[in-house]
Amino acid sequence: MIKAVGNPKIRFKEYPLRILRAVRFAASLGFEIEPKTWDKLCKMRFDLLKISKERWVLEIDKILSLENPEKLEKGLEMLMESGVFGVIIPELILQKNYNQNSPYHNFDLWTHTKKVVCNVPFEDLDLKWTALLHDIAKPFVRTENKNGNSNYINHDILGSQMSLKVSSYLKFSNLRKDFIFENILNHLQPESPLKIYDDLGKK
């Protein structure tokens, strides 16, 4: 059990990065977060804005690098359920419970994204970030076709552009920013390093 020492409000106020660290520890150890600590973690998530983006990224890098896919999925889900992703990558929260209405997808958009992230080998951190952001534009390009299904034409193009904004906001290195941009832009292509993991996350 992950539990704040004493009053969780005071602990998080002292050092807001503990919000992310609590999630990381819970995910990496397979622990639960004590209810009062979880409640304050969720309510105080905007205190993360008081610390540097670089510190956010270091913690999320450690979560994305978890070797066990189940632990990684737990970490991603806690970041979503707590609303922390709403602070760090606001566009991402639109994926929660988002029905893709597509014959090519059995899962809602967030479940698909989690599966793709977890399918990528744990040591390929830049590709993990690419997987996390690869469908970020889908809610913004959705159209309906004559069969009653949804299409997401150009989500690769808009998604690559949106990734530049996210990368700049999170102060990624130019190397990581360029990698994510190129691989989101091309993630539908047969030669894309992400495509095999994307396809595995559809069914």
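The values are calculated or read from the model by the stated rules, or taken from the named source; none is laboratory data. Keep in mind that this is a model prediction, so the values were computed, not measured. Cβ placement follows ideal geometry from the backbone for every residue including glycine, while neighbour counts extend to all protein chains displayed.
General observations
- Any pair with Cβ under 8 angstrom, 6 or more apart, that starts in the stretch 115-135 at a residue that is more than 18 Å from Lys96 (Cα to Cα) and ends at one that is of a type in the set (D, E, K, R) and assigned to a loop (DSSP other than H, G, I, E, B): Phe122/Glu67
- Residue ranges of helices (runs of 4 or more DSSP H) in the stretch 103-160 with at least 1 members among the polar types (S, T, N, Q), modelled with pLDDT of 95 or more and under 19 Å from Leu185 (Cα atoms): 109-119, 125-133
- So Ile93, is it in the same structural domain as Phe172 (by TED's automatic domain parsing), at pLDDT 95 or above and over 15 Å from Trp129 (Cα atoms): yes
- Residue within the stretch 43-53 that is surrounded by fewer than 16 Cβ atoms within 10 Å (Cβ to Cβ), part of a helix (DSSP H, G or I) and touching a Lys or Arg at 6+ places or on another chain (Cβ under 7 Å) present: yes
- Among the conditions (1) assigned by TED's automatic domain parsing to the domain that holds Gly201; (2) not in a helix (DSSP H, G or I), the only one that Val5 does not satisfy is (1).
- Among the residues of the stretch 164-194, those identified as closer than 21 Å to His105 by Cβ and touching a Leu at 6+ places or on another chain (Cβ under 7 Å) are Asn183, Ile184, His187, Pro193, Leu194.
- Test: Val23 is under 30 Å from Asn149 (Cα atoms), in a helix (DSSP H, G or I) and in contact with a helix residue (DSSP H, G or I) (Cβ under 6 Å, 6 or more places away or on another chain): no
- Condition met for Asn97 (without any contact (Cβ under 8 Å) to a residue 12 or more places away in the chain and either of a type in the set (A, V, I, L, M) or surrounded by fewer than 20 Cβ atoms within 10 Å (Cβ to Cβ) (or both)): no
- Any chance Glu70 is surrounded by fewer than 19 Cβ atoms within 10 Å (Cβ to Cβ) and under 30 Å from His155 (Cα atoms): yes
- If you go through the stretch 8-40 and keep only what is of a type in the set (D, E, K, R) and within 14 Å of Gly75 (Cα to Cα), you end up with Arg21, Arg24, Glu32.
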